[in-house]
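Student: Mind having a look at this structure? Questions to follow.
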Amino acid sequence: MRRVTYKPMDKKQQEDEDKQDLVKRGSFLKGMSASFAALAASGCGLRPPKEKIIPLMEQPEGVFPGETMWYATTCGACTAACGAIAKVRDGRPIKLEGNPEHPLSRGGLCARGQASVLDLYDSERLKQPLIGGKPAAWSEIDARVDKQKEKIVVVSETIVSPTLRAAVEAFLKKTKGSKLVEYDSISASAILDAHKRTHGVRALPAYHLGKARVIVSVGADFLGSWISPVEFTKDWAPNRQPDHEWDTMSWHAQFEAAHSLTGANADLRMAIKPSAYYETLRQIGLSVAKETGWKGPKPPAGPATPLAASRIDETASQLVRAAGRSLVLSGSNDIAVQSLVNLINAMLGNYGETLDLDPRGHQKAGDDSGFDGFLAELAAGSVGGVIFLSGNPVYDHPDGARLKELLVRTKLTVSMSGRLDETAAACQLVAPDHHALESWGDAEAVDAVVSLTQPTIAPIYKTRSAVESLLAWSGAPQSAHDFLRARWKKEYLKGKDFDQRWHDTLKQGVLVVEKRRSKNPDFRPASVAKLAVQAPGSVSAFELVVYPSVSVGDGRQANNPWLHETPDPMAKTTWGNHASFAPEDAKSLDIVEGRVVRLSANGKSMELPAHIQPGQALGTVAAALGYGRTKAGPVAANFPTEKMFPIDQEGLGGTDLYPISRTFDVMVEKTERMAALAKTQTYDLMTDPITGRRRPMVQETNLQDYFKDPTSGRGDILEAGPSLWPEHEYPGQKWAMAIDLNACTGCSGCVAACGIENNVPVVGKAEVRKSRDMHWLRIDRYYNEEGEAAFQPMLCQHCDNAPCETVCPVLATLHSSEGMNMQVYNRCVGTRYCANNCPYKVRRFNWFDYAHEDLAQNMALNPDITVRSRGVMEKCSFCVQRVQSAKADAKGENRPIADGEVKPACAQSCPADAIVFGDINDKNSEISKKVGDPRSYAVLSELGVAPSVFYMTKVRNKKV
Amino acid sequence: MCADLPYRLHHGGTPLLKILILFVLFFATPVRADEDSDFKRYAGMFQQKCAKCHTVGKGDRVGPDLKRVSQRRKREWLIGFIQKPSAYLDSDEEAIKMLKKFNNVRMEDLNLSTADVEGMLEYISAASEGPVGPEDLDLPEQDPYKRLQMPNENSGILVPGLVGSGVLLLLAAVCFHLGFVRISAFVFVLALGAGYWSFQGRATHRYPSEQQGYEPVQPMEFSHKNHAGTLRIACLYCHHAAEKSDVAGVPPANICMNCHKSVKKPKEDPTGRGEKDIKFLMDVWENRDKPNAERLEWIRVHDLADYVKFSHRVHVNNNMQCQECHGPVETMERMRQAAPLTMAWCVECHRKKPSEAPAHWKRAGATLDCAACHL
């Protein structure tokens, strides 16, 4: 990147010029009558600010100012390592989207991955290395690390990059008695340990959900946060299409305690306590063994669980019916539970079909016992030095507080975190790593699928790539780029033409290495002997369920306002976590929503507001991890609103639950305090509370009814009356959108994508509480009569007879010749009539000039879109900028726009491909087919507003 | 007779003459207009697609002089090459020879249809036989200090203005009658102001945000008159992003250096300023990699409001000439904003029906959707 130095303009020269301009513009004053003096006075001052144009000195070939460039890279937000493409404008990455070429993520990207672009411009990032909290030079850091010659422990979260692993190994080789300890904040250690026990290899399987016709998940939120949610959603969603042939739609059962979004999408959802996971699986295992005639050792027999036997039998028979095409998953971190899961999958013959140990997954390699061992060594004083390569264990490990104390006594402590987080603050040296968008690297999330990370911007601060730091400390300094290329030449791109193939791979972003597929290791029947019947947990206490929140994850992006304002898919809360209770428990404890409760276990207690969650297992309390960070930055602590509107700071940053995350039983006490949750949705039911009738926004049916009548599930929809409006003519395109409620999982990727693409402001907790959230696209979540949840993305419906258009007194909202409802910000005077007249409540009003004072973060703004000011109404534009840009491309190339060429931000990022956008005037387009489908309906069609957004009835695969 | 025809018509003429002329026009115009519009269209296209690298009869530039190119090469070859240069530059012997001759600068794919290429060849043949250039197009002469009169603009202000003025006059009279002389005088002035505004002021005075005629002193005295006018360097040679990107961009220094590596001083330089500026440019160029090096800085002249998006490439790809919005830049010593760049002014062109549009445009009747510009 070029560095720009601004030459301060000579003040006198500037004044002279200004005067000169004024004289020339003097005609404005000439002959102006006195009554207009006031206008004139303000008029002359109204010259646009003087702007400078500083061109590049040397412009690289093919790069133009204002042109969008796309670079394939790898998302660095978590270890799932999805393929991403970075949109770069004028040298700045401004948006991350999924890379359609990546065989796992296939063009999807979750909210956290997309929001990671803002982390790049976070002004809380470290700007140079630190020694003892003071800025230092890199050479000083290197000298200090070199002093420690032996017994260094490198602590890291799962290293998914083979090149980084090679660099770590090079470092370990050089330092005697050193070792690598991997851990995961959201641990999957038990899955690996259980496979060690049952299959003899400590490995994470590669899951192929796409091949599974029956999926039974016991506490695994695989569509929201478990291991690789984007990949799993891409696999899961296509099988959820009901077809006119039997047995095409997959069947999905979810047994879980907290209501996850995966549970909301299941055909059968049973709320059970975590302590019942084992027993449930044992019963399922027994039934499966019976039905398959399993010859090997069976799960231990014992008393039946209180769980309805019919549900267990149904699950087992579904699994057996699809043996070899089914999959049992569990999110539990208990080895016994995971061993049972392995046994059931082995009985069903799923290994080698729907899950594989070779090729295996690399997204989680953490070893809980290994980390505990490291803590013991640290306590014993046998560790010479610790290097925290990644991860933030002081915060996100249950023993973080102890680790912090032990670090004080250690000779050398280095953190390579890019920000001064809890762990970095506890270390003597901080050697900050680049952001993923500044670094060279690679990732192998699943065997043989290797993706490349390439920088899309030159390092903004004086940071250094972790690979380079490790290589420097191992005595062989080399640039990360050279090291990566050399390794790739040796490992993946052997043979001739390396440069060309390297270039091609870089362009593609990912390489699928041809590997001989070897056999899965066999199931070891002896391992079953270790399984026993478990005693039920204590009845008096509440069982604690902690989960990574879909929006904030494990908390590493806690300074990212976009994520804090992305609502939790189920609870619809923003800015902070809460303790969820089942409605019955809340009643017996006499707590209401917002009542602060105290959870205590092991002498630690946490306070957080209560939330009442239908569908939660009785006797459990669930809370999200990733909140309550003390050293993440101002956003995690008390977001900008505090500056703009002073409010009390209760629980703004949420509560940290890591310290008690390994405990099961907690005591729950009610406190006297109340803390209102900042929810974006306060009406939850599909039934009308007054009439008791079902409101037909979300229309749903079940598979059997669907086969009888594809239009089933319509409910009592009134006919729209005759229209008083003349019909619009759309001579060219008529844009429309179809959203498949069967595919939509509610993951909120689209919400994040929309906000990032369209410069949607973040308003903060206080404003969300006043229902002034600004999301152009929100996901409504409703519960039906049976307590089943359904998601519905709701955005401007671009009605043909739009009620907003008729009430605007200044013509700021108009209908386009292509069926879009346009909002003209510079005309809007803020009467808010349009919002009042909108039946979908999708219009958003700028009550304030929302925070744009962080100049670094403003670098992530999309330059194609106006930044709206106070007093202006805004709403979804169908990403009209993308439509315009595609039209300009097509005209420049003398061709019509191809179907699927325009993808709004929401449709592009959707991991479930639930959103289809296109030209409805083109009868062969995908959108025309979707709209013609019998499942398609329009929300509130009885109003006669003729929306351009269509929804597809949700079909559940359940027996009635 | 023909020479003074407009004069005669203006002064009436005989009915017979009028009928005769109408008759002639009725049959003659379409044919003539078609030829004419084709010619202009391809003249415009040549300016926007070819002129940055090629001349007709003015010698080789980045690419070869195209004078009488149709006689030198086979027609099929030419059409094929212009449509898909990349294919030819890789395999065709002739093309590879030319590529070597012209420093391996590859011609880019222009995405032209066969009809367009044929039209362009016709234009080049015509241009080879006589002086043809941007002057062939009816480009606007815009006086920067005179407000352009826009039909329809501000209509609707006249009547309310007059009514307001009348009401104010009445009020002034009432005040005077009641003895409030000062208030009456004040209201009277207001009334006069309103009257002036509704009759003439609204047409004479510009809106405060309108910057027509803005001509700031630039840090360097770069002369468009010299570069684009005298030397006839095509606009898109330097502002090459205009056909690819929404932003035309100010050329990077390496574009300047293509010529200024050898051109150290201007031919005519009475004040010596030219040589000084070129020396400054050279200094900046040579010191470009040093820390805290000086940069070329320009003061932005054309600056639209932030809520408007203008796409250069869309307009350039429609064969619109840069002068249509930027005025006669090739005559400007210092860059100035020639057009008002107000929405009314933009919409003037967007409203033009195909029959009213300049002949060199590819399409007319552009979108009037708000969201075309207000994103």
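Student: Which number in (1) surrounded by fewer than 19 Cβ atoms within 10 Å (Cβ to Cβ); (2) among the aliphatic types (A, V, I, L, M); (3) touching a residue at least 12 places away in the same chain (Cβ under 8 Å) marks the one condition that residue A:77 misses?
Tutor: Tallying (1) surrounded by fewer than 19 Cβ atoms within 10 Å (Cβ to Cβ); (2) among the aliphatic types (A, V, I, L, M); (3) touching a residue at least 12 places away in the same chain (Cβ under 8 Å), residue A:77 fails exactly one: (1).
Student: Now for a separate question. Just to be sure, is residue A:144 over 20 Å from residue A:407 (Cβ atoms) and charged (D, E, K, R)?
Tutor: Criteria not met by residue A:144.
Student: Residues A:31, A:43: which one is buried (at least 19 other Cβ atoms within 10 Å of the Cβ), more than 38 Å from the chain's Cα centre (by Cα) and modelled with pLDDT under 85?
Tutor: Of the residues listed, the single one that is buried (at least 19 other Cβ atoms within 10 Å of the Cβ), more than 38 Å from the chain's Cα centre (by Cα) and modelled with pLDDT under 85 is A:43.
Student: What is the number of the single condition among (1) within 14 Å of chain B (Cβ to nearest Cβ); (2) not in a loop (DSSP other than H, G, I, E, B) that residue A:866 does not meet?
Tutor: (2)
Student: A further question follows. Residues B:234, B:248, B:241, B:228: which one is in contact with a Cys (Cβ under 9 Å, 6 or more places away or on another chain), surrounded by 16 or more Cβ atoms within 10 Å (Cβ to Cβ), within 14 Å of chain A (Cβ to nearest Cβ) and closer than 30 Å to residue B:348 by Cα?
Tutor: Residue meeting the stated conditions: B:248.
Student: A follow-up question, please. Restricting to segment A:814-863, name every residue that is at pLDDT 90 or above and among the charged types (D, E, K, R).
Tutor: A:818, A:832, A:841, A:843, A:844
Student: When you look at residue A:269, is it closer than 22 Å to residue A:702 by Cβ and in contact (Cβ under 8 Å) with a residue 24 or more places away in the chain, yes or no?
Tutor: Against the criterion (closer than 22 Å to residue A:702 by Cβ and in contact (Cβ under 8 Å) with a residue 24 or more places away in the chain), residue A:269 qualifies.
Student: Within segment B:313-326, is there a residue that is buried (at least 20 other Cβ atoms within 10 Å of the Cβ), among the basic types (Lys, Arg) and not in a loop (DSSP other than H, G, I, E, B)?
Tutor: Yes, the conditions are met somewhere in segment B:313-326.
Student: Is it the case that segment B:279-297 has a residue that's in a loop (DSSP other than H, G, I, E, B) and in contact (Cβ under 8 Å) with a residue 60 or more places away in the chain?
Tutor: Narrowing segment B:279-297 to residues in a loop (DSSP other than H, G, I, E, B): B:287-297.
Filter again for in contact (Cβ under 8 Å) with a residue 60 or more places away in the chain, leaving B:296-297.
The answer is yes, given that some residue of segment B:279-297 is in a loop (DSSP other than H, G, I, E, B) and in contact (Cβ under 8 Å) with a residue 60 or more places away in the chain.
Student: Would a scan of segment A:181-194 turn up a residue that is closer than 25 Å to residue A:107 by Cα, modelled with pLDDT of 90 or more and assigned to a strand (DSSP E or B)?
Tutor: no
Student: Just need a number here: residues in segment B:348-368 that are away from chain A (no Cβ under 14 Å), charged (D, E, K, R) and either touching a strand residue (DSSP E or B) at 6+ places or on another chain (Cβ under 8 Å) or loosely packed, with under 15 Cβ neighbours inside 10 Å (or both).
Tutor: The qualifying residues number 2.
Student: Where in segment A:763-862 are there strands (runs of 3 or more DSSP E), lying wholly inside it, with at least 2 residues that are hydrophobic (A, V, I, L, M, F, W, C), crowded, with 17+ Cβ neighbours inside 10 Å and in contact with a helix residue (DSSP H, G or I) (Cβ under 9 Å, 6 or more places away or on another chain)?
Tutor: Of the strands (runs of 3 or more DSSP E) lying wholly inside segment A:763-862, those with at least 2 residues that are hydrophobic (A, V, I, L, M, F, W, C), crowded, with 17+ Cβ neighbours inside 10 Å and in contact with a helix residue (DSSP H, G or I) (Cβ under 9 Å, 6 or more places away or on another chain) span A:789-794.
Student: If a residue must be surrounded by 17 or more Cβ atoms within 10 Å (Cβ to Cβ) and either among the aromatic types (Phe, Trp, Tyr) or more than 9 Å from chain B (Cβ to nearest Cβ) (or both), how many such residues does segment A:870-888 contain?
Tutor: Here the count works out to 8.
Student: Here's something else I'd like to know. Would you mind finding the one in A:266, A:257, A:203 that is buried (at least 24 other Cβ atoms within 10 Å of the Cβ), at pLDDT 90 or above, touching a Lys or Arg at 6+ places or on another chain (Cβ under 7 Å) and among the hydrophobic types (A, V, I, L, M, F, W, C)?
Tutor: Only one candidate passes the filter, namely A:257.
Student: Can you tell me which residue among A:55, A:60 is within 14 Å of another protein chain (Cβ to nearest Cβ), on the phi < 0 side of the Ramachandran plot and out of contact with any Lys or Arg (no Cβ under 9 Å at 6 or more places or on another chain)? Step through it out loud before you land on a result.
Tutor: On the way: A:55 fails: out of contact with any Lys or Arg (no Cβ under 9 Å at 6 or more places or on another chain).
Answer to the check: A:60.
Student: Within 30 Å of residue A:222 (Cα to Cα) and in a loop (DSSP other than H, G, I, E, B), is that true of residue A:903?
Tutor: It is true that residue A:903 is within 30 Å of residue A:222 (Cα to Cα) and in a loop (DSSP other than H, G, I, E, B).
Student: Quick one: in segment B:192-225, of everything that is at pLDDT 85 or above and within 8 Å of another protein chain (Cβ to nearest Cβ), which residue is nearest to the chain's Cα centre (by Cα)?
Tutor: For segment B:192-225, the residue satisfying everything is B:217.
Student: If you don't mind, another one. Does at least one position in segment A:301-323 carry a residue that is within 28 Å of the chain's Cα centre (by Cα), of a type outside the set (Lys, Arg) and in a loop (DSSP other than H, G, I, E, B)?
Tutor: No, segment A:301-323 contains no residue that is within 28 Å of the chain's Cα centre (by Cα), of a type outside the set (Lys, Arg) and in a loop (DSSP other than H, G, I, E, B).
Student: Just need a number here: residues in segment B:288-318 that are more than 7 Å from chain A (Cβ to nearest Cβ) and aromatic (Phe, Trp, Tyr).
Tutor: 1
Student: If you take the residues in segment B:251-264 that are within 13 Å of another protein chain (Cβ to nearest Cβ) and outside any loop (DSSP other than H, G, I, E, B), which one is surrounded by the most Cβ atoms within 10 Å (Cβ to Cβ)?
Tutor: B:256
Student: Among (1) of a type outside the set (S, T, N, Q); (2) surrounded by fewer than 20 Cβ atoms within 10 Å (Cβ to Cβ); (3) at pLDDT 90 or above; (4) closer than 14 Å to residue A:473 by Cβ, where does residue A:135 come up short?
Tutor: Of (1) of a type outside the set (S, T, N, Q); (2) surrounded by fewer than 20 Cβ atoms within 10 Å (Cβ to Cβ); (3) at pLDDT 90 or above; (4) closer than 14 Å to residue A:473 by Cβ, only one is false for residue A:135: (4).
Student: Something else: So the check is Cβ under 7 Å with 6+ separation or different chains; which pairs have a first residue in segment B:249-260 that's more than 14 Å from residue B:286 (Cα to Cα) and a second one that's of a type in the set (Val, Ile, Thr) and surrounded by fewer than 18 Cβ atoms within 10 Å (Cβ to Cβ)?
Tutor: B:250/A:53
Student: Across segment A:816-843, which residue is nearest to the other protein chains (Cβ to nearest Cβ) among those that are among the β-branched types (Val, Ile, Thr) and over 33 Å from the mean Cα position of the chain (by Cα)?
Tutor: Among those that are among the β-branched types (Val, Ile, Thr) and over 33 Å from the mean Cα position of the chain (by Cα), it is A:829.
Student: Next question. Select from segment B:89-106 the residues that are closer than 20 Å to residue A:61 by Cα and more than 14 Å from chain A (Cβ to nearest Cβ) and write down the one among them that is surrounded by the fewest Cβ atoms within 10 Å (Cβ to Cβ).
Tutor: B:100
Student: Against the definition (touching a Leu at 6+ places or on another chain (Cβ under 8 Å) and either at pLDDT 80 or above or within 22 Å of residue B:98 (Cα to Cα) (or both)), how does residue B:69 come out, yes or no? Let's see the steps before the verdict.
Tutor: Numbers: touching a Leu at 6+ places or on another chain (Cβ under 8 Å): yes; either at pLDDT 80 or above or within 22 Å of residue B:98 (Cα to Cα) (or both): yes.
It is true that residue B:69 is touching a Leu at 6+ places or on another chain (Cβ under 8 Å) and either at pLDDT 80 or above or within 22 Å of residue B:98 (Cα to Cα) (or both).
Student: So which helices (runs of 4 or more DSSP H) are wholly in segment A:468-573 and hold at least 1 residues that are more than 30 Å from residue A:174 (Cβ to Cβ)?
Tutor: A:498-508, A:561-565
Student: Here is a follow-up. Regarding residue B:98, is this residue in contact (Cβ under 8 Å) with a residue 12 or more places away in the chain and assigned to a loop (DSSP other than H, G, I, E, B)? I'd like the intermediate steps shown before the answer.
Tutor: Working: in contact (Cβ under 8 Å) with a residue 12 or more places away in the chain: yes; assigned to a loop (DSSP other than H, G, I, E, B): no.
So residue B:98 does not fit the description; no.
Student: Quick test of your reading of the structure: residue A:643 fulfils all but one of (1) at pLDDT 90 or above; (2) over 27 Å from residue A:747 (Cα atoms); (3) assigned to a helix (DSSP H, G or I). Name the failing condition by number.
Tutor: All conditions are met except number (1).
The values are calculated or read from the model by the stated rules, or taken from the named source; none is laboratory data. Values in this document were obtained by computation on a predicted structure and should not be read as measured data. Here Cβ is always computed from backbone atoms with ideal geometry, including for glycine, and neighbour counts include all displayed protein chains.
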